Amino acid sequence: MVETGSPADDGVTRCQPWLGTFVEITVPASAIDRVEMAFAAIRHVHERMSFHADDSDLARLRAAVSGQVVRVDRETCFVLSKALDLYRASGGLFDVGVGARLACAGFLPAKSAAIDLVAFGTCADIEIVGEDAVLLRRPVLIDLGGIAKGHAVDRAIAVLREAGVPAVCVNAGGDLRVFGACGWPIGLRDADGLVRQHLSLTEAAMASSANLLDRREAEGREWSPHIGAGGVPVLCDERVTVIADTCLLADAMTKIALADRGLAAEMLRVSGGEMLWESDLRGNG
């Protein structure tokens, strides 16, 4: 949902396919040898939190019986704990336990012969019982697609900062974060695919979401990959962008914003951050 450029003439960009998208990392040319460390951090998140891979932590949680403690990667526990915080803060609106509904609508592959929605629980059935341990009180088809990509971006940024890189932009298909003293030029891609607005981002994270061009028919109704209250699909004809301190928060908050604009505004007042709606920016342009 964004296009980025480099604020410096010597900026070099490397790109790899991870997290279901193309991840671009831009650094000064003098730091290009450290980019692979950042991609390794992103690859780790991809491998541990993939819904599709049969050897990921999510696959292990799917295979567990109710009440069984499952050992998972500490980063998976961290992301799940953040998801639970958002679940509670949003009154259950942000729920990573929507995998069954997304599978029924065709946005995720079915992991069994038939999906019985009644059989699957929600975030309320997930319990973190240690730094690397999770317990499911009932089966939950967990999909971290609305939060893990933001976490991966944050991890890449952390690795490069620790390595002493002075300026970085990590862009994972519209979930991005930048650091350094300079402002990074960003173009916002609207729900219809056109870039109409540009801004400069400094020391912040950003994520955008829309579903106007990502809908399908299933079970006699139109669905999007965003699920709102009561399991109802969210059909929003415009793009929302959230700017926050971390990409994990920005990533997750775009999903809440699409479903409930007022709730998202209140949550961002508490946690810090702002929303940029396509219609607002057009009106001010």
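The table for this structure:
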quantity	calculated
Selection count, the range 232-247, where residues are hydrophobic (A, V, I, L, M, F, W, C) and more than 25 Å from Ala105 (Cβ to Cβ)	3
Val98 over 21 Å from the mean Cα position of the chain (by Cα) and either over 17 Å from Ser56 (Cβ atoms) or not assigned by TED's automatic domain parsing to the domain that holds Ala264 (or both)	no
Residue match in the range 208-229 (condition: of a type in the set (Val, Ile, Thr), in the same structural domain as Ala152 (by TED's automatic domain parsing), assigned to a helix (DSSP H, G or I) and in contact (Cβ under 8 Å) with a residue 12 or more places away in the chain)	no
Residue, modelled with the lowest pLDDT, within the range 253-285, restricted to residues that are basic (Lys, Arg) and farther than 23 Å from Val178 by Cβ	Arg282
Selection count, the range 215-239, where residues are among the small types (Gly, Ala, Ser) and farther than 18 Å from Cys123 by Cβ	3
Among (1) surrounded by fewer than 22 Cβ atoms within 10 Å (Cβ to Cβ); (2) modelled with pLDDT of 95 or more; (3) under 17 Å from the mean Cα position of the chain (by Cα) - the single one Arg71 does not satisfy	(3)
Residue in the range 239-252 that is crowded, with 19+ Cβ neighbours inside 10 Å, within 26 Å of Lys82 (Cα to Cα), β-branched (Val, Ile, Thr) and modelled with pLDDT under 95 present	no
Residue that is over 30 Å from Ala100 (Cα atoms), among the aliphatic types (A, V, I, L, M) and either crowded, with 16+ Cβ neighbours inside 10 Å or at pLDDT 95 or above (or both), where the choices are Val153, Val129, Val195, Val178	Val178
Of the criteria (1) without any contact (Cβ under 8 Å) to a residue 40 or more places away in the chain; (2) assigned by TED's automatic domain parsing to the domain that holds Glu127; (3) under 21 Å from the mean Cα position of the chain (by Cα), which one Phe78 fails	(1)
Close pairs from the range 174-199: first at positive phi, partner part of a loop (DSSP other than H, G, I, E, B), Cβ under 7 Å, at least 6 apart	Gly174/Met1; Gly180/Pro166; Gly180/Ala167; Gly193/Leu213
Residue check for Asp190: over 18 Å from Ile25 (Cβ atoms) and surrounded by fewer than 22 Cβ atoms within 10 Å (Cβ to Cβ)	yes
Filtered residues of the range 129-141 (kept if without any contact (Cβ under 8 Å) to a residue 60 or more places away in the chain and in contact with a Leu (Cβ under 6 Å, 6 or more places away or on another chain))	none
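Conditions tested, residue by residue: (1) among the hydrophobic types (A, V, I, L, M, F, W, C); (2) at pLDDT 95 or above; (3) in a helix (DSSP H, G or I); (4) closer than 28 Å to Gln16 by Cα.
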| position | (1), (2), (3), (4) |
| --- | --- |
| Val65 | yes, no, no, no |
| Ala83 | yes, yes, yes, yes |
| Tyr87 | no, yes, yes, no |
| Gly91 | no, yes, no, no |
| Ala103 | yes, no, yes, yes |
| Gly106 | no, no, no, yes |
| Arg138 | no, no, no, no |
| Lys149 | no, yes, yes, yes |
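The values are calculated or read from the model by the stated rules, or taken from the named source; none is laboratory data. All figures in this text were calculated on a predicted structure; none of them were measured in a lab. Glycine also receives a Cβ, built like all others from the backbone with ideal geometry; neighbour counts cover every protein chain displayed.
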